[in-house]
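The values are calculated or read from the model by the stated rules, or taken from the named source; none is laboratory data. Note that the structure is a prediction, hence the values are computed from the model and not measured. A quick note on method: Cβ atoms are made from the backbone with ideal geometry, for glycine too, and the neighbour counts reach across all protein chains shown. Calculation scope for accessible area: heavy atoms of the full protein, side chains included, ligands and nucleic acids excluded. Shrake-Rupley method; radii C 1.70, N 1.55, O 1.52, S 1.80 Å.
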Amino acid sequence: MKVKLYIPLLTVILMALGFSCKSKQNEVSKAVNTKQKPNIIFIMADDLGYGDLGCYGQTKIKTPNIDKMASEGMIFTNHYSGSTVCMPSRASLLTGYDQGHASVRGNPVWTKSGTPVNLKPNELTVANELKKAGYKTAIIGKWGLSEGNTKDNMPSNHGFDYFLGYKKHSDAHHYYWDTLYRNNDPYILKENNFSLKQGKYTHDIFVNEALSYIEKEKNNSFFLYLALTIPHLELTVPEDSKKPYQNLGWPKRKMNTNGHYKNDDEGNATYAGMVSRMDRDLGKLFEKLKELGIEENTIVVFTSDNGPEYESKDRFFNSNGKLKGGKRDLYEGGIRIPFIVKFPGKIAPGSKSEHISAFWDFLPTACELAGIEPSNNDINGISLVPELMGNTEKQKKHDYLYWEFNEREGPIQAIRKGDWKLVWKLEGKPELYNLSNDIGESENLALKEPEKLKEILGLLKNVRTENNEFPLKTRALAVKKRGEK
């Protein structure tokens, strides 16, 4: 009886305040609908090293917001990028294929013909899959998979409803670039001059656009791929981000300011400032999710596309951690990357996973989160949902992970099977490491473990499909024509 009296009374009050029962019911209905499928935000840094974050051991660069994300979610210690450079790595992430099967296996100049290879026309991506599940989809930042003069293979051709960012990955080398793309059309920043580093810092544009996008789509299930360009060369950042690092007695690292990259004069304070600026801005994104009341229904991933370049050899920041090598290597420093996932109420806070995984696992993971099956049965990825949700006994494992890379020092192959890792420059001798006790890949066990070497070399016979543009042969033409950075 009390309920029957309460409803008319509530109706009178709402009508007096200018609301109707119908509008109120619509609002409630919308709120219920948003809870059906989780929002998915995938944040990718560019050339950030395994050891560049506090939660992975960094002591000089401050990353409090990402560290807090790690404490509230799960941190992976054995996660790998798709490749050791950006274009093939992003292709593996989006399509679910490793570098033995992906359509894109190298940066633009490093094809056999010298002509860039993009994703195949209408090649399925994780965005296509999520659209089938009713998601709104967007990429903000660096696309880098539509090289050359073609207007094909834009994000809209691969499942993304919205795009703001760099079309070509070489344009993304410049933080004051004057031409981005909004969807399929040029988006001109008239005040920008990349050679003088004047105008709007593009990273800031991307962060603000991401915040606006989340606000706009808060009542929908959405997938946002936020592909940031920090801390890729060129090293430049507004002065306010450098200031906290300028009077700490750090050694100065002089940068080339007149080459392809329009670097700032001094590298160390700039690099630290870039990473901290990214961290600051991700803090804004995390707060936006709370403000909109959608944090509990949003899974956030943070990672990097490959290992570090700025500090692949210099060790002031120890960006590689204990790992050997950096960008353009298939040693651990080139491909093992930070990977953090937060999903409040679903992923245990402060959890750590040693599960061996890679970029090509993202597509099936996203599909399972959305309640669908991947369209392709032949992808290399395996869903990480059981691991994320604490059901480790149900988590399927890879028999092996495989990479290949062919630029100036190629071709190189690498394969990880359990704790064993093979790195083979095809013009040299195979290198065999046991990562369980030699994460720095310092002792080549090829001669001491002939049976294990034979076993893993045997795997290489069946780990790849042939690709005319990416043969496992030295590419003299590409080396001669090389203009890619």
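Accessible area per residue for the chain, computed on protein heavy atoms with a 1.4 Å probe, is 43 Å².
At 7 Å along Cα-to-Cβ for each site, give me the label-to-label distance between K352 and K200 in nm. With each label placed 7 Å out from Cα toward Cβ, I get 4.2 nm. Less than 5 angstrom separates the built amide H of Y187 from those of L180, Y181, R182, all sequence-distant by 5 or more or on a different chain. Separation of the alpha carbons by more than 27 angstrom is noted, of K112/K151; K254/K421; K142/K200; K324/K454, for K254/K421.
Filter the trypsin sites (Lys or Arg not before Pro) in segment 295-391 to those in DSSP coil with at most 11 other Cβ atoms within 10 Å of their Cβ, and list the result. Hits after loop and neighbour filter: K313, R315. Modelled spin labels at E368 and N149, positioned 7 Å past Cα toward Cβ, are 4.6 nm from each other.
Share of carbon and sulfur in the accessible area of the chain stands at 52%, probe radius 1.4 Å. Residues in segment 391-408 carry Karplus couplings, in order, of 8, 4, 5, 9, 6, 6, 10, 6, 5, 6, 10, 9, 9, 9, 8, 9, 10, 4 Hz; the curve used is 6.51 cos²θ - 1.76 cosθ + 1.60 with θ = phi - 60°, and Gly or Pro positions show x. Roughly speaking, what is the centre-to-centre gap between segment 225-282 and segment 340-361 when only Cα atoms are used, to the nearest Å? When both Cα centres are located, 29 Å separates them. For the listed residue pairs K68/K243; K218/K290; K288/K342; K218/K352, the alpha carbons are over 18 angstrom apart in K68/K243; K218/K352.
Backbone geometry of segment 325-332 corresponds, through the Karplus equation with coefficients 6.51, -1.76 and 1.60 at θ = phi - 60°, to 3J(HN,Hα) couplings of x, x, 3, 6, 10, 9, 6, 4 Hz, x marking Gly and Pro. Here the simple spin-label model places points 7 Å from the Cα toward Cβ, and for A133 and E466 these points are separated by 3.8 nm. Phi angles across segment 248-254 convert, under the Karplus curve 6.51 cos²θ - 1.76 cosθ + 1.60 with θ = phi - 60°, into 3J(HN,Hα) values of 9, x, 5, x, 8, 10, 6 Hz, Gly and Pro given as x. Apply the a/c threshold of 1.5 to the C-alpha gyration tensor of segment 286-391 and tell me whether it is rounded, prolate or oblate. Oblate, since a/c reaches 1.5 and b/c is not below a/b.
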